[in-house]
Each structure stands twice: as C-alpha cells, then as structure tokens.
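> Encoded as structure tokens, here's the structure I'll be asking about.
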Amino acid sequence: MRIFPYIACLAVLGLAGVAYNVTSQHQTVMAMAVKVSGGQSGADGSIAADVGASSVQQKEARDARDSAEKDTGVVHHELNREGGAIEQRKQKEDERDTAISARDKQKQSLEATKEDHAKAQEEADAMLATMKELDALADAADLSEVVETFTTAVSDAKTKQTEELIPELESLVTARTAATEKVAAETTELARLEKINADFEANYRKNETEYVVAAIDPARNIVTFIVTKDSGVVAGDSTPLIVKRGKNTVATLRVESIKENKVVAKYSLAPGQRIQPGDRIIHVKPHGS
C-alpha cells in the first residue's frame, strides 16, 4: 500500500510540468506580440494583441456597414420604381376624374338647353294657334255687307298682328333651331365623353389581369404564355408587359406574335435575374386611356 504516496507525488509533478509548459508558451506568444509591435514589455504585448483584435472587429463592422448600404440602395431602387408606377397610375386617375367632371357639366348644360328649347316651342305653338284662329274667322265670313265689313276688319287685324308677330316668330324659330343644334352637339359630345370614360375603365381593369410563363427558350430569349381574347395584348414594341417573381421585376417583354391566344414574346432580363416557368406576367400600370 506504500506505492500510492509515490503515485500521488508523480501526479503532482506531472501537473506542475504541464502548467509550466503552458506558462512558457504564453510568454513566448506575448514576446512575439511585443516584437511585432515594437514594445518593450509583456504589457506592451498584451496591448498589441488587443489592438489586433480591435482591427479585426473594425473591419467586420465596415464590411457589415457596406453590406447594409448596398442592401439599402437596392431597396431604394425598388421603391423608386414602384413609386414611378404609382405616380403614373395617379396621373391617369386624375385625367379620368377630369373627363367625368367635364361630362357632368355637359349634362347640366344639356338639360338647361332642353328647357329653353321646350319653352321656345310652346311660345311658337301658341302663336301658330292664334294665326289659325284668325284664318278660320276670315274663311267663315259671309258675303253680306256686314260680314264683308267684319271680314275686312278681321283681315286687317290679322295682317297687322301677323306683321307684328312675324319678327318675334322668326326669332323664336331661330332660337329653337339654335337650341336644337346645341342639343345635338352636346348630345354628341356627351356620348364621346361617356365612350372615353367607358374605354378608360375597361382598359384600366385589364391592369389587374395576370398571365403565367408557360415555356422558355433561353437560346432565343423567347417565352410563351396564354392570354384571353379581351386581354388587350398586341404585338409590337409598345406592349407594356413585365415579368415578376414576388416583388422583383425579372424581365421586360416585347410581344412578337399572337396566334389562337398563344403569345410569343422576346424578353430582356434584369441584372442578375432569370425567367422560370410559373413567373407572373402583368401589364405595366396604367394601361390604356
């Protein structure tokens, strides 16, 4: 049993040796840090090590800041693009409201003109009735002297009244003609404004329509997709279509041909993007007015 004290002594000596070795390595590292930094003591070495760690932290902070600024730039670019589309849509909505306001004013003016026309018609009809009554009195006169005298008096009165009424009647006829022409012109203008408004609303509703990329030919930069008969999609450079995935704009499209509702279009990719089947195809707002 006396061997256990010797074993315990050997264990203590071993631990002491390990501790000395660790301390020696630590002193060596500190000495190297002092030499690199030009210091003269262990404290200088510790300071140099701290400075190195601080430099690494500063570099990591600069990298994080640069990455955040890059992400912020991308977000600002997307916000500016979306803001431009919203501004265009607001402009078209203002134009539509102006057209509606003009149409309402035309309606009010048309109603007033119709009232003037009806009044002029009533006055003209009353004058024509008076003239017919005078004609009837003249035609009913007897050949007797009394009746002849009466007829002459009536004829003279009719002639005088007719002469007085003719200018006013002509004025009323002219006013009625002008009112009729004005009603016709305003009716035509009102129909035109209503058509503009109907076309605007019909076209604007098409902005909510979405299509889906069906197939892609990367070699020719071509995609195909299916549209409805009333989609408003036409062939040509001015067709306002874009491809989106989520909130990102992937590409712009130029429709080459449409056959039996199947559209073939060439695409121009946005930087760092690529088209995939199932991507959404939408009109650039606002569309048509």
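> Which whole-Hz couplings ³J(HN,Hα) result when phi for each residue of the stretch 218-231 is put into the Karplus expression 6.51 cos²θ - 1.76 cosθ + 1.60, θ = phi - 60°, listed in order with x for Gly and Pro?
Taking θ as phi minus 60°, the curve returns x, 5, 10, 6, 10, 10, 10, 7, 10, 10, 7, 5, 9, 5 Hz for the stretch 218-231.
> Just to be sure I understand the model, the point goes 7 Å from the Cα along the line to the Cβ. What's the resulting ASP156 to GLN273 distance in nm?
Rounded to a tenth, the inter-label distance reads 9.7 nm.
> How much length would be gained if the chain were fully extended between LYS105 and GLU93, taking 0.36 nm per residue of separation minus their Cα-Cα distance, in nm to one decimal?
2.5 nm
> Under 27 Å between alpha carbons, and skipping anything fewer than 8 positions from LYS160 in its own chain: which lysines qualify?
LYS119, LYS132
> Past 30 Å, Cα to Cα, is the threshold; run LYS90/LYS182; LYS107/LYS229; LYS114/LYS158; LYS158/LYS182; LYS229/LYS266; LYS195/LYS244 against it and keep the listed order.
Too far apart for the 30 Å limit: LYS90/LYS182; LYS107/LYS229; LYS114/LYS158; LYS158/LYS182; LYS195/LYS244.
> For the stretch 244-251, what does the Karplus curve 6.51 cos²θ - 1.76 cosθ + 1.60, with θ = phi - 60°, yield as ³J(HN,Hα) per residue in whole Hz, taken in order and with x for Gly and Pro?
10, 9, x, 9, 8, 7, 8, 6
Just so you know, all these numbers are worked out from the coordinates, no wet-lab data involved. This one's a predicted model, so the numbers in the text were calculated from it and none came from an experiment. Counting neighbours? That spans all protein chains shown, and the Cβs are built from the backbone with ideal geometry, glycine included.
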